[in-house]
Structure formats: C-alpha cells, structure tokens
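Read the structure below first, then the notes.
The values are calculated or read from the model by the stated rules, or taken from the named source; none is laboratory data. Keep in mind that this is a model prediction, so the values were computed, not measured. Here Cβ is always computed from backbone atoms with ideal geometry, including for glycine, and neighbour counts include all displayed protein chains. Calculation scope for accessible area: heavy atoms of the full protein, side chains included, ligands and nucleic acids excluded. Shrake-Rupley method; radii C 1.70, N 1.55, O 1.52, S 1.80 Å.
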Amino acid sequence: MARIDPNKLALEERVVQINRVAKVVKGGRRFSFSAIVVVGDGAGHVGAGLGKAGEVPEAIRKGVEDAKKNLIKIPMVGTTIPHEVRQVYSASRVMLKPASLGTGVIAGGSVRAVVEAAGIRDILAKTHGSTNPVNVTRATIEALRSLHSAEELGRRRGVRLVSRIAGQQAAADAAPVAEAANGR
C-alpha cells in the first residue's frame, strides 16, 4: 500500500494522553513524558503516534511526527463505517459498529479521538479488557485499517456489491437521488 503524503493534507492534531514517567536514579527521580497523539483531516485520513521526551511539547511534537508517518485512509459510507469490526491489540479489545445518520459518536475517550479525527460522524464503539489509552488507540487504528468498502470487495470477488446501512445513504443510491432532484 502506498504511503500517504501528510504535506498534501490539512491535518489537525489531537493529544489523547500525556503520561509522566519517573525513573529512580541515584540522585532521586528523573521525569520524562510520553504523549499519544492522533492526527486526521476529517475526511477519512487518520494516524496515531507515540512520542517520548524530557518535556511535554517535545513529546507531543515527536508524537505528531510519528502519527504523520503512520497515516491510513479509511473507507466510509456516508458519515459512518461500511461494516462492523472487532480488533484486539495487546489486552485491549475494540468493537466498532456503523450507526444511522444523526446518532453521533458513541465512544470512549481514546476511540472517540481517533474516529473524530478520521471524520466519522456516526458510530457505535465499545472497548473491552484493558483501557490503556495507548493500546486502545492502536486497536482502533488497526480496526479502521481492516475495513473494506463494498466496491473494493466487489472488485476482488468479481461481483457488484452495495453497502446498505439503516439510516445512511449508500454510495450507489446517491446518483439516482441526485438525478431525481435535478428532474431527470
């Protein structure tokens, strides 16, 4: 899969969590910071990164750099995802489910940050197991990476598929609706 050029996108960054880590040394405690950051353009591109440094701004900057290196493009049906997906990362399990128009983002902190950065407006999500923000964020990114559009699956199988989600307008239905509005 080709890498996505972050310079061509208008990316917004969002800090999911900042963690202070203490290392005990001979003279006392040495503090450092880790930051998990999500970047997205609100139109289907999203990435997450982890940055570690001695100061918070530097950790955030490193996290943003890492997130831009790991951008992915996700398929969408209207304002939601094409199908339900479950993903496990370490001890965290994430379930993402498509929702009808107007539902909103029903998700916890780490999942919410990722899906909102991606531009998903309607989704149902649930996390099971560990709620460690780093693992939940990575599980969510992996879940979004494993999504497939109906067009992609149709090409692979050699048949015409249409994704239908209750309350969402399917991509194939959008053209006839637009023609009906124009009086054709």
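Would you please put 30-43, 6-19 in order of how densely packed they are, using the mean number of other Cβ atoms within 10 angstrom per residue and starting with the highest? Can you show the working numbers first?
Values: 30-43: 20.2, 6-19: 15.1.
Top of the packing list down: 30-43, 6-19.
Against the criterion of solvent-accessible heavy-atom surface with a 1.4 angstrom probe, 45, 148 sort, most first, into 148, 45. For log10 I(q)/I(0) by the Debye sum over Cα atoms at q = 0.08, 0.15, 0.19 Å⁻¹, the candidate list reads (1) -0.43, -0.97, -1.26; (2) -0.37, -0.99, -1.18; (3) -0.31, -0.90, -1.25; the entry that matches the value derived from this model is (3). Computed from the C-beta positions of residue 69 and residue 130 and an R0 of 22 Å, the FRET efficiency is 0.30 to the nearest 0.05.
For region 96-160, the calculated P(r) over all alpha carbon pairs, in 10 Å bins from 0 to the bin holding the longest distance, is 20, 45, 25, 10, 0 percent. Think of it as helices only: each DSSP H run of n ≥ 4 in the chain is worth -39500 (n - 2.57), and spread over all residues that comes to -9500 deg cm²/dmol at 222 nm. Calculate how steeply helix 56-69 sits against the longest principal axis of the alpha-carbon atoms of the chain, using the helix alpha-carbon long axis, and give the answer as 0 to 90 degrees to the nearest 10. For 56-69 against the chain, the angle is about 40 degrees. Here the relative contact order of region 67-117, from alpha carbon pairs under 8 Å that lie six or more residues apart, stands at 22 percent. Rounded to whole numbers, the Karplus 3J(HN,Hα) couplings from phi for region 123-133 are 6, 10, 9, 9, 10, 10, x, 5, 9, 4, x Hz, using 6.51 cos²θ - 1.76 cosθ + 1.60 with θ = phi - 60°, and x at Gly and Pro.
For residue 89, the residues whose amide H sits under 5 Å from its own are 94, ignoring neighbours fewer than 5 places away on the same chain, with H placed 1.01 Å from N.
Full-extension gain between residue 145 and residue 3, please, as 0.36 nm times their residue separation minus the C-alpha to C-alpha distance. It would help to have the intermediate numbers written out before the result.
Working: separation 142, 0.36 × 142 = 51.12 nm, distance 1.33 nm.
Answer, rounded to one decimal: 49.8 nm.
Starting from the residue with the highest accessible area, list 58, 151 in decreasing order, probe 1.4 Å.
Working: 58 65, 151 95 Å².
Descending order: 151, 58.
Which order, highest average first, do 88-95, 72-79, 156-163 follow once you tally other Cβ atoms within 10 Å for each residue and take the mean per peptide?
On the way: 88-95: 18.0, 72-79: 19.9, 156-163: 11.8.
Averaged packing, sorted descending, gives the order 72-79, 88-95, 156-163.
DSSP finds beta bridges in the chain, and of those with both partners inside it, around 95 percent are antiparallel.
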